[in-house]
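Just so you know, all these numbers are worked out from the coordinates, no wet-lab data involved. Computed from a predicted model, the values in this text were never measured in an experiment. When we count neighbours, we look across all protein chains shown, and the Cβ atoms used for this are built from the backbone with ideal geometry, even at glycine.
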Amino acid sequence: MAQIFDAPSKAILRSQIAEHIAENDNNDRRVDQEGEAPLPKDRFFDRELSWLKFNQRVLECAENEDMPLLERANFAAIFASNLDEFFMVRVAGLKRRIDSGIAVPSAAGLSPRQQLRAISETAHRLQDEHAHYTIDTILPELEKERIVLLTWDKLTSSEQERLSRYYRQQVFPVLTPLAVDPAHPFPYISGGSLNLAVLVENPASGKSHFARVKVPDNLNRLVPVDDLTEDENTNVRYGFITMENLIIAHLESLFPGMIIKEARSFRVTRNEDIDVEEDDAENLLNAMEKELLRRRFGPPGDHGHHEPLPLPAARRPARREPGRGIPSAQPAGPDRAL
């Protein structure tokens, strides 16, 4: 039968475990021989910071102009995906060590809090470099090759009509806007999902309301646009619009009778580190299944948001469509900045 400890006993147990680990760590340290110069304390690289340097090399591949353009764009995407996984696993593990009280320094001599501060500084610098290079270099070079990322106001009327039809048939049926107010708690945000934070105003009362719209993950995020020009003599360009831009252009269908004031896209990455004690688990398969299920509801490790996106329907009441309202945001269960 498992023994249950109260809060003071847990704190004492954690401190004893930390002391035991630190004592064993000191006992395992190499003893300098007489007359031998001591080894430098900085002889080891920090494990987490070394991984960020590896991901920096991935970013440098994206910045290598000797590579084909699409390969560089692919490396830029790999960099972003790697960084997400780093926060979901490595940073989550550091935070768990701090919360559990086992703040033993790493082989490089850094405590978990020092590691987090160094990770924050390096990761923010790399993120800024990645964002600026993608926006200022890769996207313009793709545009020279007639591969264009578009916004709704850059589309022709025929393209807008075609995409509106696609939205009504494929996107609108799977959208569920959730209102947030004193009667409806903030909805659960699943890890890695892309969402829209929407601010709407009731024209009758003048009150503002917040709602969250999840961008469906079962549809492609980049929606292809047909030929951008109706002139047959002009070279064909291959245009795409992001799913969040398409939804924002049609927010009036989700909030009938309301004024759309602002919309931002955001997402949350959660703690997805797996912690299974193989020796204590009677059934390793069941333990892994429970741990994988827990990952969906892990604590948030990081969040990201974008600047306000253009609202074609802003500052005016939306058309009312019968049978479509804002469902209540019932909590679906227990949901990047250092």
Förster-model FRET efficiency, 41 Å R0, residue 153 and residue 61, C-beta, rounded to 0.05: 0.75
Per-residue Cβ neighbour rank within 10 angstrom, fewest leading, 258, 67: 67, 258
Low-density loop positions, GluC sites (Glu not before Pro), the range 130-218 - DSSP coil, at most 14 other Cβ in 10 Å: 145
Exposure proxy ranking, count of Cβ atoms within 10 Å, fewest first, for 226, 66: 66, 226
Using a Förster distance of 30 Å, the FRET efficiency for residue 141-residue 217 (Cβ separation, nearest 0.05): 0.55
Length released on extending from residue 261 to residue 162, taking residue separation times 0.36 nm less the Cα-Cα span: 33.1 nm
